[in-house]
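Notes for the one structure printed next.
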Amino acid sequence: MTATLKPLPTGTCRARRDALKCAPALLDTAMSIAPETRARIDALLQQHRVVLFMKGTRQQPQCGFSAATTHVLNELLPDYHTVNVLEDMDLREGIKQYGNWPTIPQLYIGGELVGGADIVRQMYASGELQQALGLPPPDRTPPTITITDKAAEAIRAGMQENPGMALHLQIGPDRNAGFQLAPAGAGDIVSEANGLGIHLDPASAQRARGIKIDWVETVQGAGLSLSYPGSTGH
């Protein structure tokens, strides 16, 4: 499998406590929510410990931020409740007023607003989300990773074009992997290999144990390739 390095936008919130400072435009607290809409939201939060207000469904998210949030929750929970706000305009606008939070998705745990996609990912990386869900803390032992000289050369070239960025590797449950150049996160698990730091989230760190990162050139193009322990090819 191959993936191309690419930079990501900067400027996301760094922690939940800073969320109100980082939000692009918080709602006017004077705005009122319809009583019937408030009652519906109250009922949802009382009936379900973990509720994600999102665009689309868990199986088929309809925006990148909702997809990123479900990816994190899917790593931790076999089941949680989702609300597709695209199917209900009253809830779509009402939930923004309910928690005084201007964007979707929104994650609630135990009736309390946690935040949106960036905050969920940051709390997941640091272990705060696991704690909020009553789960054991993640294993933060950096995995042993091998990076070939050709791959290291290509990575360094990409990083020189994007100063200040870190190399992130995300590996899904199906071993589908992706590389990104993005700012380093305070909760990242970092493995050192061939003079480079590879930043991972907790689940990716477990799946990355013993992997080899190489640079391959095929008829489809050139890119980074992963091979796992015991595999015979890329």
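The values are calculated or read from the model by the stated rules, or taken from the named source; none is laboratory data. Model, not experiment: these values are computed from the prediction. Note that we place each Cβ from the backbone using ideal geometry, even for glycine, and neighbour counts take in every protein chain shown.
Out of all the residues in the range 46-62, which are of a type outside the set (S, T, N, Q) and without any contact (Cβ under 8 Å) to a residue 40 or more places away in the chain?
Residues satisfying the conditions are His48, Gly56, Arg58, Pro61.
Scan the range 88-121 for residues that are under 22 Å from Gly134 (Cα atoms), in a helix (DSSP H, G or I) and either touching a Gly at 6+ places or on another chain (Cβ under 7 Å) or of a type outside the set (Gly, Ala, Ser) (or both) and jot them down.
Asp118, Ile119, Val120, Arg121 - these are the residues of the range 88-121 that are under 22 Å from Gly134 (Cα atoms), in a helix (DSSP H, G or I) and either touching a Gly at 6+ places or on another chain (Cβ under 7 Å) or of a type outside the set (Gly, Ala, Ser) (or both).
Just one of Gly221, Gly187, Gly210 is surrounded by fewer than 18 Cβ atoms within 10 Å (Cβ to Cβ), closer than 21 Å to Thr141 by Cβ and out of contact with any Lys or Arg (no Cβ under 6 Å at 6 or more places or on another chain); which is it?
Gly210
Identify, by number, the condition in (1) over 12 Å from Tyr108 (Cβ atoms); (2) more than 17 Å from the chain's Cα centre (by Cα); (3) in a helix (DSSP H, G or I) that Asp79 doesn't meet.
Status for Asp79: all satisfied but (3).
Within the range 83-123, which residues are buried (at least 22 other Cβ atoms within 10 Å of the Cβ) and of a type in the set (Ser, Thr, Tyr)?
Hit for the range 83-123 is Tyr108, nothing else.
Looking only at the range 76-105, count how many residues are touching a Ser or Thr at 6+ places or on another chain (Cβ under 9 Å) and under 19 Å from Gln170 (Cα atoms).
0
Is it the case that some residue within the range 197-205 is out of contact with any strand residue (DSSP E or B) (no Cβ under 6 Å at 6 or more places or on another chain) and more than 18 Å from Thr69 (Cα to Cα)?
no
Could you say whether any residue in the range 142-150 is part of a strand (DSSP E or B), surrounded by fewer than 18 Cβ atoms within 10 Å (Cβ to Cβ) and in contact (Cβ under 8 Å) with a residue 40 or more places away in the chain?
Yes, there is a match, as at least one residue in the range 142-150 is part of a strand (DSSP E or B), surrounded by fewer than 18 Cβ atoms within 10 Å (Cβ to Cβ) and in contact (Cβ under 8 Å) with a residue 40 or more places away in the chain.
Can you tell me which residue among Thr69, Thr57, Thr4, Thr37 is modelled with pLDDT of 90 or more and within 30 Å of Leu167 (Cβ to Cβ)?
The conditions single out Thr69.
Please state which of the following conditions Gln170 fails to meet, knowing it meets all the rest: (1) of a type outside the set (A, V, I, L, M, F, W, C); (2) over 18 Å from Gly64 (Cα atoms); (3) surrounded by 15 or more Cβ atoms within 10 Å (Cβ to Cβ).
With respect to (1) of a type outside the set (A, V, I, L, M, F, W, C); (2) over 18 Å from Gly64 (Cα atoms); (3) surrounded by 15 or more Cβ atoms within 10 Å (Cβ to Cβ), Gln170 is out only on (2).
Can you find even one residue in the range 167-180 that is farther than 30 Å from Leu135 by Cα and either touching a helix residue (DSSP H, G or I) at 6+ places or on another chain (Cβ under 7 Å) or among the aromatic types (Phe, Trp, Tyr) (or both)?
Checked against the condition, which is being farther than 30 Å from Leu135 by Cα and either touching a helix residue (DSSP H, G or I) at 6+ places or on another chain (Cβ under 7 Å) or among the aromatic types (Phe, Trp, Tyr) (or both), the range 167-180 yields no hits at all.
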